[in-house]
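Following: one structure in structure tokens, then a few remarks.
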Amino acid sequence: MSDPFSLSGRQALVTGSTRGIGLAIVRAMIARGAEVTLTGRKAETLAPVVSELQAHGARVRGIPCHQGDPAAIESLFAQLDAANAAPDIVVVNAATNPVIGGLVDVDLDAWKKILEVNLTGALLTARAALKRMLARQRGSIVFMASVAGIEPMDGLGAYSVSKAGLLGLMRGLAREVGPHGIRVNAIAPGLVETRFSQALFQDTANYQALIARTPLRRHGLPEDIAGVAVFLASDAAAWITGQTIVVDGGGRI
Ligand SMILES: NC(=O)c1ccc[n+]([C@@H]2O[C@H](COP(=O)([O-])OP(=O)(O)OC[C@H]3O[C@@H](n4cnc5c(N)ncnc54)[C@H](OP(=O)(O)O)[C@@H]3O)[C@@H](O)[C@H]2O)c1
């Protein structure tokens, strides 16, 4: 019997995967049989992660790519073409949030940087992948959004807007490429324990209030997100496109 969750024979690209949610997705996709390309900003950060995975027999490669740099994204896909590794699956996971604060006083440079990486970089990555997927009439793209893209979070003004934009991008692309057999979806995690979210854990009162109103009474771990990414990438989700799966312990009920 064939396993609809299998990623055997698939090429996957997971951006921003040197740690955190991205790395957990890489591990889960390897476990399901995919060959995976990891990205991060620096070769020296990628190298030990890739070596550790290869030491366990995984078929992986690391390619440095700053998601805010259009030339780097172009070069990433040229290198994938050269390696005969054009992706069947892309998880656009990398994101940045250099500022804490609202929108009224947001620093314009911070705003531009957030949108460049989280939204423009996501479009350019997806677009480069889609050009290759359209030629093959198959593929799956997963955007890592956030619950902040559904309900803006205090202190994460610009970041919340970037994730709301990402959800719009996801739905728009899903309509455009669905007729070609390509699916585009998003995951919206709640609070997940990673380096990215450290500040939210340090605010003890807010953290405890959040957990108290979360039905499953805990924060998320990167592995809680990884299985959902595998599902959306796999044939088990063959009739799902344009959707956002909220993974937050029930915090929005
Ligand atoms: N943690 C949460 O609570 C939470 C909640 C909702 C959504 N999310 C989303 O989940 C995704 C992953 O976040 P995380 O919590 O796993 O963060 P993380 O542990 O800090 O990991 C971020 C990853 O992205 C890479 N990265 C950062 N900036 C990059 C750039 N400009 N270009 C390419 N790679 C870049 C980092 O690698 P290098 O440093 O090596 O470049 C790292 O591998 C993000 O989209 C985030 O918005 C997180």
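The values are calculated or read from the model by the stated rules, or taken from the named source; none is laboratory data. Bear in mind that the values here come from a model prediction, so they are computed numbers and not experimental data. In this analysis, Cβ positions are derived from the backbone assuming ideal geometry, glycine residues included, and neighbour counts consider all displayed protein chains.
Side notes on the structure shown:
- Any hit, region 192-200, residues being part of a helix (DSSP H, G or I), within 11 Å of the ligand (Cβ to nearest atom) and either in contact with a Cys (Cβ under 7 Å, 6 or more places away or on another chain) or among the polar types (S, T, N, Q) (or both): yes
- All positions within region 127-155 that are surrounded by fewer than 22 Cβ atoms within 10 Å (Cβ to Cβ) and either in contact with a strand residue (DSSP E or B) (Cβ under 6 Å, 6 or more places away or on another chain) or farther than 30 Å from D81 by Cβ (or both): V147, I150, E151, P152, M153, D154, G155
- Taking the listed residues L76, L115, the one that is closer than 20 Å to Q11 by Cβ and either surrounded by 16 or more Cβ atoms within 10 Å (Cβ to Cβ) or in contact with a Lys or Arg (Cβ under 6 Å, 6 or more places away or on another chain) (or both) is L76, with no other qualifying.
- Filter result for A148 (within 12 Å of the ligand (Cβ to nearest atom), farther than 24 Å from S234 by Cβ, touching a helix residue (DSSP H, G or I) at 6+ places or on another chain (Cβ under 8 Å) and among the hydrophobic types (A, V, I, L, M, F, W, C)): yes
- Some residue of region 98-118 being of a type in the set (D, E, K, R), more than 17 Å from L166 (Cβ to Cβ) and under 17 Å from the mean Cα position of the chain (by Cα): no
- Residue, surrounded by the most Cβ atoms within 10 Å (Cβ to Cβ), within region 1-35, restricted to residues that are within 15 Å of the ligand (Cβ to nearest atom) and in a loop (DSSP other than H, G, I, E, B): S17
- Listed conditions (1) touching a His at 6+ places or on another chain (Cβ under 6 Å); (2) of a type outside the set (S, T, Y); (3) surrounded by fewer than 17 Cβ atoms within 10 Å (Cβ to Cβ) are all met by G178, apart from (1).
Okay, residues lined up against (1) at pLDDT 95 or above; (2) closer than 27 Å to G102 by Cβ; (3) not basic (K, R):
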{"position": "L191", "(1), (2), (3)": "yes, yes, yes"}
{"position": "D203", "(1), (2), (3)": "no, yes, yes"}
{"position": "R218", "(1), (2), (3)": "yes, no, no"}
{"position": "P222", "(1), (2), (3)": "yes, no, yes"}
{"position": "I245", "(1), (2), (3)": "yes, no, yes"}
{"position": "I253", "(1), (2), (3)": "no, yes, yes"}
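- Of the set (1) touching a residue at least 60 places away in the same chain (Cβ under 8 Å); (2) in contact with a Gly (Cβ under 7 Å, 6 or more places away or on another chain); (3) buried (at least 24 other Cβ atoms within 10 Å of the Cβ); (4) not basic (K, R), all apply to L38 but (1).
- Of everything in region 201-215 that is of a type in the set (A, V, I, L, M, F, W, C) and surrounded by 10 or more Cβ atoms within 10 Å (Cβ to Cβ), the residue that is farthest from the ligand (Cβ to nearest atom) is A209.
- Single residue of A188, A174 found to be touching a Gly at 6+ places or on another chain (Cβ under 7 Å) and away from the ligand (no atom under 11 Å from the Cβ): A174
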